[in-house]
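The values are calculated or read from the model by the stated rules, or taken from the named source; none is laboratory data. Please read these numbers as outputs of a predicted model, since none were measured by experiment. Note: ideal-geometry Cβ built from the backbone for every residue, glycine included; neighbour counts use all protein chains shown. Side chains included, ligands, DNA and RNA excluded: accessible areas come from the protein's heavy atoms. Shrake-Rupley method; radii C 1.70, N 1.55, O 1.52, S 1.80 Å.
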Amino acid sequence: MTQLKDKAPLGKVIVITSGKGGVGKTTSAAAIAAALAKRDFKTVVIDFDVGLRNLDMIMGCERRVVFDFINVIQGEARLKQALIRDKRLDTLWILPTSQTRDKDALTKEGVEKVLNELKEQFDYIICDSPAGIERGAQLAMYFADEAVVVTNPEVSSVRDSDRVLGLLASKTKRAEDEGAEVKAQVLVTRLDQRRIDAGEMMTIDDVLEILAVPLLGVIPESTAVLRASNVGMPIVLDEPSAASRGYEAAVARLLGEEVDTQTERDKKPGFFSRLFGAPA
Amino acid sequence: MRAEPIQVRGRFLTAIAIRIEVDTPDASFFAALDEKIRSAANLMVGAPILLDFEKVPGFASRDHLGELVRAIRAKGLLLFGVQNATPEQQALAEEFGLIQVLVGRDTPVQQARAVSPRRSRLVAQPGNKVIHRHVRSGQLVVAERGDLTIIGSVASGAEVLASGNIHIYGTLRGRAMAGVEGDTNARIFCSKLEAELLAIAGLFKTSETIHPDLRRCNVQAFLEDETLHIERLV
């Protein structure tokens, strides 16, 4: 396999998950993948939401889908045939899913095989999880090295994220084989300061106190997000906005943490770094 | 008396018995053993371990026992004895440095004579459990035979149960049920109360019936006159 860079690909698997639907998982997966690719990391984003495929639309490549993730798992196509290269960034690739099958088409062995093949070629493999905590979501997180838990600052979303954090600590390959936790960080999306001020939304501190994991970033509610997804543009490739800056900062933090993940086990973040580790 | 270099004390402690169910252990037996040890690592690692031959009087191969002993010790478990062994099995066990533990009529099945008592806590309260992490939504933690101590928070939608007391060094947002076997003396302690439900020996209060002044406070809950009381700890 020829590489753009001289060194071996990082092969890091990051799942974007949340439990609750509609919190911004796919938007975040697309934005994080694009921001990593912008920094010259060879990145692929995989849609695990079999039957409700959305990622290709957010990425603006829905008309270029011929073969998909499920075809590859079932041996009907080679990985190379299913990967779609982004037209804007040549380090960014998409592995779309099937709209006609369902989540039973995903198998643990199949997912592992595809991920292992991708690890040999890519620095970052971003898994866009479906909502819920059923099979599709569990397979999306099973092989992850790290997790980004997307949460809106409201009680039901936070509670579902807490449930997902519990699964990340027990129902992943890392947890089962090594008894180690998948490193999880929370990305708070759709933050509306006016609604927080009005007492209608939870504050970042409230969210972090409940979830007790490090804060990866905060994405403000923004019309730019909707506009970008309507035209199939990952938000960080669109014109600058508060949301795109939020994602850029989140990715910077994700890479900053990269150094720590080299050690076998992560140290729990201290109380102060949790509270003051990131701007709200 | 203080000058005495040695004091002899009687000790009881809880040991964990691994009961063998097949006469000849094969690959699937060892796979099942690995799985058991992994799934119950909290319970088994560091605790004194016995092999129970009750169901397998025919288990008499030196090689099989040797393999089993090595497999268990390789997992870091402290295997020290056997119980319900036939004289033949006893003799074999001795070769591997395992002592026969007699299970007397008066002794509860899970108590065995101490060889190397590790912690006095085991002696005082068999079955206590300490959890060093947050209990997340949807998770259930049970201490069937003792107290449950959580060093962390209990999330909304999580449940913690104990036959004894429950101590939570963190925020209790979920449900805590102490004295689940009917112990009316059991209590619940937590550093910050935001519970969905508190119950002791089946008597409960929900968030709606907990006085608002107590919310977010360091409290204890206990039964008195068949009523659940919650009181601030100062």
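Details
- Value of [θ]222 nm, deg cm²/dmol, for chain A, DSSP H segments ≥ 4, -39500 (n - 2.57) each, nearest 500: -11000 deg cm²/dmol
- Structure remark: mean-square fluctuation, Gaussian network model of chain A, C-alpha springs under 10 Å; the largest value among A:Thr26, A:Thr91, A:Thr151 belongs to A:Thr91.
- Cα-based helix-to-principal-axis angle, B:27-39 vs chain B, degrees rounded to 10: 30 degrees
- Working value for region A:9-254: equivalent-ellipsoid semi-axes of 27, 21, 16 Å, each the square root of 5 times a Cα gyration tensor eigenvalue, largest first.
- When B and A come together, around 1000 square angstrom of accessible surface is lost from both chains combined, probe 1.4 Å.
- Chain A: antiparallel DSSP beta bridges as a percent of all, rounded to 5: 5 percent
- Gaussian network model of chain A, Cα within-10 Å springs - most flexible of A:Arg253, A:Arg63, A:Arg245: A:Arg63
- Too-long pairs where the Cα-Cα distance tops 26 Å, listed order kept, from A:Lys103/A:Lys173; A:Lys7/A:Lys113; A:Lys12/A:Lys108; A:Lys12/A:Lys171; A:Lys119/A:Lys171; A:Lys7/B:Lys75: A:Lys7/B:Lys75
- Normalised contact order of chain A, rounded percent, pairs of Cα under 8 Å and 6 or more residues apart: 23 percent
- 0 to 90° range, to nearest 10: angle between helix B:62-74 axis and chain B longest Cα axis: 30 degrees
- Counted charge near A:Leu55, where neighbours are those whose Cβ lies closer than 13 Å (Asp, Glu -1; Lys, Arg +1): -4
- For B:Lys129, a cut-off of 12 angstrom between C-alpha atoms picks up these aspartates and glutamates, skipping any fewer than 8 places away in its own chain: B:Glu144, B:Asp147.
- DSSP bridge orientation in the protein assembly as shown - percent antiparallel, rounded to nearest 5: 20 percent
- Average projection, convex hull of the Cα set of the protein assembly as shown: 32.3 square nanometres.
- MRE, 222 nm, helices only [DSSP H, n ≥ 4, -39500 (n - 2.57), over chain B, to nearest 500]: -5500 deg cm²/dmol
- Taking all protein chains into account, the per residue accessible area for region A:9-254 stands at 39 Å² (1.4 Å probe).
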